[in-house]
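Below is one structure, written out as structure tokens, with a few remarks after it.
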Amino acid sequence: MSECPCGSTRAFSECCQSIINGDTRAETAEALIRARYTAHTTGDMDFILATHHPSTRSDIDEAATRRWASESTWLGLEILNVDGGGSDESSGRIEFMARYRDAARRRHTHHERGVFEKYHGQWYFRDAEVPDVDQFRRNRPKQGRNEVCACGSGKKFKKCCGI
């Protein structure tokens with residue numbers, strides 16, 4: 001029993017596999033985003049294209065999407081916020097982060113708010129929005145490289161924890 005790549009902690013066969021294979025429909029927008037992420041990890045671009053809203057499907061660069069998915073090593077999906085998208089609703093927004101490593105082995109985080117719409121009883125990915133990101137603020141002054149390290153070692157920061 002292999003764990004589903006979407007991070008649900010359920011077995012792949014009990015989670016996204018039946019949605020990707022077309023045996024069942026995604027009941028919620030979150031189930032669809034999890035299945036779409038899993039389809040990226042397995043390279044099932046037909047599912048990605050089929051679950052893109054029909055009115056915006058022609059906007060997809062299929063070759064680039066296939067290349068991105070196949071050249072990436074997918075590291076995990078994190079659902080940050082779910083707004084709507086329930087089985088009895090017709091739209092929803094899901095903020096998520098998908099982590100991956102590109103062909104050059106550099107790590108990336110794809111962070112977006114997906115817009116989902118139910119059309120003829122089926123959930124579709126419609127669009128993506130840039131999520132609001134809070135500015136990082138330090139609570140104390142930045143540690144200088146040539147200052148004594150805050151860990152108490154007596155060494156300069158650059159020779160201790162700043163490595």
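The values are calculated or read from the model by the stated rules, or taken from the named source; none is laboratory data. As the structure is a computational prediction, the values presented were derived from the model and not from experiment. Note that we place each Cβ from the backbone using ideal geometry, even for glycine, and neighbour counts take in every protein chain shown. Ligands, DNA and RNA are excluded from the accessible area calculation, which covers all protein heavy atoms including side chains. Shrake-Rupley method; radii C 1.70, N 1.55, O 1.52, S 1.80 Å.
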For this session: Could you tell me which numbered condition Phe125 fails, if it satisfies all but one of (1) touching a helix residue (DSSP H, G or I) at 6+ places or on another chain (Cβ under 7 Å); (2) part of a strand (DSSP E or B); (3) closer than 18 Å to Pro5 by Cα?
Result: (3)
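Please determine, by comparing only the residues of region 1-13 that are in contact with a Cys (Cβ under 8 Å, 6 or more places away or on another chain) and over 17 Å from Trp123 (Cβ atoms), which one is most open to solvent (accessible area, probe 1.4 Å). Walk me through how you get there before you give the answer.
As a first pass, look at region 1-13 and keep what is in contact with a Cys (Cβ under 8 Å, 6 or more places away or on another chain): 4-6, 8, 10-12.
If we keep only those that are over 17 Å from Trp123 (Cβ atoms) too, we end up with 4-5, 10-12.
Values: Cys4: 5, Pro5: 48, Arg10: 117, Ala11: 6, Phe12: 45 Å².
Here the residue is Arg10.
With respect to Thr41, is the statement that it is buried (at least 19 other Cβ atoms within 10 Å of the Cβ), closer than 21 Å to Glu3 by Cβ, more than 16 Å from the chain's Cα centre (by Cα) and not aliphatic (A, V, I, L, M) true?
no
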Problem set entry | Long-range neighbours under 6 Å by Cβ, at least six apart or interchain, first residue touching a residue at least 12 places away in the same chain (Cβ under 8 Å) and more than 17 Å from Pro5 (Cβ to Cβ) within region 99-122, second open to solvent by 50 Å² or more (accessible area, probe 1.4 Å) and outside any strand (DSSP E or B) | Ala103/Glu71; Lys118/Ser90; Gln122/Arg25
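Got a number for residues in region 45-55 being small (Gly, Ala, Ser) and surrounded by 14 or more Cβ atoms within 10 Å (Cβ to Cβ)?
From region 45-55, those small (Gly, Ala, Ser) are 50, 55; that's our starting set.
Checking which are surrounded by 14 or more Cβ atoms within 10 Å (Cβ to Cβ) leaves us with 50.
Residues meeting the conditions: 1.
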For this session: Give region 16-38 a look and list any residue that's among the hydrophobic types (A, V, I, L, M, F, W, C) and either open to solvent by 20 Å² or more (accessible area, probe 1.4 Å) or touching a residue at least 24 places away in the same chain (Cβ under 8 Å) (or both), or say none.
Result: Ile19, Ile20, Ala26, Ala29, Ala31, Leu32, Ile33, Ala35
Seminar exercise, completed: For Ala31, the lone unmet condition from (1) under 18 Å from the mean Cα position of the chain (by Cα); (2) of a type in the set (A, V, I, L, M); (3) more than 19 Å from Met97 (Cβ to Cβ) is (3)
Exercise. Under 7 Å by Cβ, and 6 or more places apart or on different chains, what pairs join a residue from region 125-141 that is within 25 Å of Phe47 (Cα to Cα) with one that is among the polar types (S, T, N, Q) and in a loop (DSSP other than H, G, I, E, B)?
Worked result: Phe125/Thr51; Arg126/Thr56; Asp127/Thr56
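For region 1-58, what are the residues that are of a type in the set (Lys, Arg) and in contact with a Ser or Thr (Cβ under 7 Å, 6 or more places away or on another chain)? Let's see the steps before the verdict.
Within region 1-58, the first condition is being of a type in the set (Lys, Arg), and the residues that meet it are 10, 25, 34, 36, 57.
Once the filter is applied, which keeps residues that are of a type in the set (Lys, Arg) and in contact with a Ser or Thr (Cβ under 7 Å, 6 or more places away or on another chain), region 1-58 yields Arg34, Arg36.
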